[in-house]
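Participant: One structure is given below, represented as structure tokens, and several questions about it will come after.
The values are calculated or read from the model by the stated rules, or taken from the named source; none is laboratory data. This one's a predicted model, so the numbers in the text were calculated from it and none came from an experiment. Here the Cβ positions follow ideal geometry from the backbone for every residue, glycine too, while neighbour counts run over all protein chains shown.
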Amino acid sequence: MTWRFALIVDPVASDDARSDFADTLRVIDPDAPALSVGELSTQRGDGIFETIGVVDGHPQEVQAHLERLAHSARLCDLPEPNLAQWRAAVARAAAECPPGESAIKLILSRGVERVRTGLQGPTAWVTASPAADQTAARTEGVRVVTLDRGIDGGASARAPWLLLGAKTLSYAVNMAALREAHRRGASDAIFLTSDGYVLEAPTASVILRRGDTFVTPEPTGGILHGTTQLSVFDWLEREGHSTGYEHLPAAALADADGLWLVSSVRLAAPVTHVDGADLPVDRELTAAMNRYLLSPRD
Ligand code: PLP
């Protein structure tokens, strides 16, 4: 059985101190038309989003997702979100999620463009739906290929209008990279800078194991700071491992003692092959990581 839930958020100012947001959240029919044809999110991908994993009705790491939504809004010159309002919207959507795994999506669009009256916005909405089954990726792992992202390591500082650190709705490039990975016989990709450093996957962060140390690329280099990666690093530290952020050359991938793609709904998928070369997979550690990621996390 498939189900879906949607609500429109009427965004209030970030400093609005009210505690009850019920009258700013409007439940809508998820299958009925809801957006104006002038929506800039659909016309230009001009907006931001977050995807939150939900396990047995518990939305995971809500604060980290809301902080990243606010960070993306700042980078995109969108009005600052009222986090208490978005938290209320997430709670309302989570209350609709049945046992098992679901996904809640938060979308903040620049709004609707009208010729005579100008910009009307922002527009915001939240959806909840079942999560796609990730069992195979979590247990069997994924083959990845490396793909040139076409930007060097200095691009995000030199050209902030590329919005590289923002989770914008413009994911056409990320989806094209996944199609290219499929054409090359892999199921996912890892982006590299044009000067040969590891960035992220099109929809996930990369965690690399070297001995007892787990590292991920610096989030300053124009990639998203993954909420799942942050959570996994906390867990690894508690388990006695060390973690860190590094500038990782592409060659580090094939030399890794373990490699994972991690994100909010997939959780942790071990990488079995990079560009055809096989990698060690620690099934026990991966299973423990996913058990942790499936436990309630705030
Ligand atoms: N990087 C990109 C480009 C993503 O799209 C995502 C998630 O969708 C991530 C990293 C991982 O972020 P999170 O762990 O917060 O889901």
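Participant: Only residues that are more than 23 Å from A64 (Cβ to Cβ) and buried (at least 21 other Cβ atoms within 10 Å of the Cβ): list them for the range 229-255, please.
Facilitator: L253
Participant: If you don't mind, another one. When the range 211-228 is examined, which residues are found to be surrounded by fewer than 18 Cβ atoms within 10 Å (Cβ to Cβ) and under 14 Å from the mean Cα position of the chain (by Cα)?
Facilitator: Scanning the range 211-228 gives a single hit, P219.
Participant: Of the numbered conditions (1) on the phi > 0 side of the Ramachandran plot; (2) under 18 Å from the mean Cα position of the chain (by Cα); (3) crowded, with 21+ Cβ neighbours inside 10 Å, L199 satisfies every one except a single condition; which is it?
Facilitator: Only one criterion in (1) on the phi > 0 side of the Ramachandran plot; (2) under 18 Å from the mean Cα position of the chain (by Cα); (3) crowded, with 21+ Cβ neighbours inside 10 Å is unmet by L199, namely (1).
Participant: Would you mind finding the one in V90, V144 that is crowded, with 16+ Cβ neighbours inside 10 Å and over 17 Å from L7 (Cα atoms)?
Facilitator: V144
Participant: Okay, next question. Is it fair to say V271 is away from the ligand (no atom under 14 Å from the Cβ) and assigned to a strand (DSSP E or B)?
Facilitator: Taking the combined requirement at face value, the residue satisfies it.
Participant: If you don't mind, another one. Say we look at the range 228-264 and pick out the residues that are part of a helix (DSSP H, G or I) and farther than 23 Å from E140 by Cβ; which of these is nearest to the ligand (Cβ to nearest atom)?
Facilitator: Among them, the one singled out is L230.
Participant: Among the residues that make up the range 279-295, is at least one of them touching a residue at least 60 places away in the same chain (Cβ under 8 Å), surrounded by fewer than 23 Cβ atoms within 10 Å (Cβ to Cβ) and of a type in the set (K, R)?
Facilitator: yes
Participant: When you scan the range 52-75, do you find a residue that is surrounded by 15 or more Cβ atoms within 10 Å (Cβ to Cβ), touching a Phe, Trp or Tyr at 6+ places or on another chain (Cβ under 6 Å) and at pLDDT 95 or above, even just one?
Facilitator: Scanning the range 52-75, I find at least one residue that is surrounded by 15 or more Cβ atoms within 10 Å (Cβ to Cβ), touching a Phe, Trp or Tyr at 6+ places or on another chain (Cβ under 6 Å) and at pLDDT 95 or above, so the answer is yes.
Participant: What strands (runs of 3 or more DSSP E), lying completely within the range 19-133, carry at least 2 residues that are within 16 Å of the ligand (Cβ to nearest atom) and either under 16 Å from S170 (Cβ atoms) or over 17 Å from the mean Cα position of the chain (by Cα) (or both)?
Facilitator: 47-55, 101-109
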